[in-house]
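Trainee: Take a look at this one; I'll ask things after.
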Amino acid sequence: MANAAKPTSRPLSPHLQVYRLPLAAVLSISHRITGVGLSLGLLLLTWWLCSAAYGPDAYDQAMVYIASPLGLLILLGFSVALFFHLCNGIRHLFWDAGRNFEISQTKRGNIYVILGTIVLTAAAWLLALA
Amino acid sequence: MFASNNLRSPLGRARGLGSAKEGLHHWWGQRLTAIALVPLTLWFVAGIIHLAMGGEPYEAFMGWIANPCNATLMILFLGVSFHHAQLGMQVVYEDYIGGHAWRTGMIIATKFAAYGFAALGIVSTLICCFGG
């Protein structure tokens, strides 16, 4: 009974605050976070289209906001989120089809998703700014 | 809902009652829109890159959106994206909001907002095509 109060070094059950998430889990929650972010980004897409419908002055004003440092930062974040969600979403479709469930395949998929996000984002910005 | 002294497991109670009838529809809708969004997203990115590459911004945009293919794809992109977004947001609410009233309220508000903004974007696209 005396032992019961002693601090123990038993393994703790996995919990978000004491458990280092594996890369696949980080990418999994990132899929959700980018999904929520992209939903908000869709509102900005609507605002941009709306500005064009209101005419040249409104559109030029919108483009001033978009070309501002904050606007470009949001656009960069939007593009990273878009390409990540696209790449990881394609992986989810493979999983939905019952494929690539082995741990080795998941680890390879992690790399493909990250590389795909970086390459697509870099390519899009290089082409756009060229 | 069930008496707490019922010794049957939740699975035992649910077995044989059939599905809740709505799961597959949501799941299938999310996957179908995901597949559609792969080519639509690539077209959208290509369009934005094209617009960024030059010209007087307003004229470049109006010329681009006046193309029937681009207008059609933009309308599809808006409709499918907002549909996909509200399906995804619904899952997020269902997972993280405990209170039934809050959760249902947020789901309803998000669905209304999604279709409202989708309509606004589609109408704006049509005005750019026909209104100018």
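Trainee: Here's a check for you: in the range A:49-69, which residue that is more than 8 Å from chain B (Cβ to nearest Cβ) and surrounded by 20 or more Cβ atoms within 10 Å (Cβ to Cβ) is farthest from the chain's Cα centre (by Cα)?
Mentor: Ranking the candidates gives A:Ser51 first.
Trainee: If you don't mind, another one. Tally up the residues in the range B:52-69 that are farther than 11 Å from B:Leu126 by Cα, away from chain A (no Cβ under 11 Å) and not in a loop (DSSP other than H, G, I, E, B), please.
Mentor: Here the count works out to 2.
Trainee: Another question, then. May I ask you to verify whether B:Ala34 is of a type outside the set (Val, Ile, Thr), crowded, with 17+ Cβ neighbours inside 10 Å and in a helix (DSSP H, G or I)?
Mentor: Spelling it out, B:Ala34 is indeed of a type outside the set (Val, Ile, Thr), crowded, with 17+ Cβ neighbours inside 10 Å and in a helix (DSSP H, G or I).
Trainee: What number of residues within the range A:92-108 are in contact (Cβ under 8 Å) with a residue 24 or more places away in the chain and not charged (D, E, K, R)?
Mentor: 2
Trainee: Can I ask one more? One residue is enough: does the range B:73-82 have a residue meeting the conditions within 12 Å of another protein chain (Cβ to nearest Cβ), touching a Pro at 6+ places or on another chain (Cβ under 9 Å), within 22 Å of A:Ala128 (Cα to Cα) and touching a residue at least 12 places away in the same chain (Cβ under 8 Å)?
Mentor: Within the range B:73-82, not a single residue is within 12 Å of another protein chain (Cβ to nearest Cβ), touching a Pro at 6+ places or on another chain (Cβ under 9 Å), within 22 Å of A:Ala128 (Cα to Cα) and touching a residue at least 12 places away in the same chain (Cβ under 8 Å).
Trainee: Does B:Arg13 satisfy the condition of being basic (Lys, Arg) and either part of a helix (DSSP H, G or I) or touching a residue at least 60 places away in the same chain (Cβ under 8 Å) (or both)?
Mentor: For B:Arg13, the condition - basic (Lys, Arg) and either part of a helix (DSSP H, G or I) or touching a residue at least 60 places away in the same chain (Cβ under 8 Å) (or both) - is met.
Trainee: While we're here: Does the range B:85-92 contain any residue that is more than 9 Å from chain A (Cβ to nearest Cβ) and assigned to a helix (DSSP H, G or I)?
Mentor: Yes, the range B:85-92 contains at least one residue that is more than 9 Å from chain A (Cβ to nearest Cβ) and assigned to a helix (DSSP H, G or I).
Trainee: From the list A:Ile33, A:Ile90, A:Ile111, which one is away from every other protein chain (no Cβ under 11 Å), modelled with pLDDT of 95 or more and either surrounded by fewer than 18 Cβ atoms within 10 Å (Cβ to Cβ) or under 19 Å from B:His84 (Cβ atoms) (or both)?
Mentor: Going through A:Ile33, A:Ile90, A:Ile111 in turn, the sole match is A:Ile111.
The values are calculated or read from the model by the stated rules, or taken from the named source; none is laboratory data. All values derive from a computational prediction rather than experimental measurement. Note that we place each Cβ from the backbone using ideal geometry, even for glycine, and neighbour counts take in every protein chain shown.
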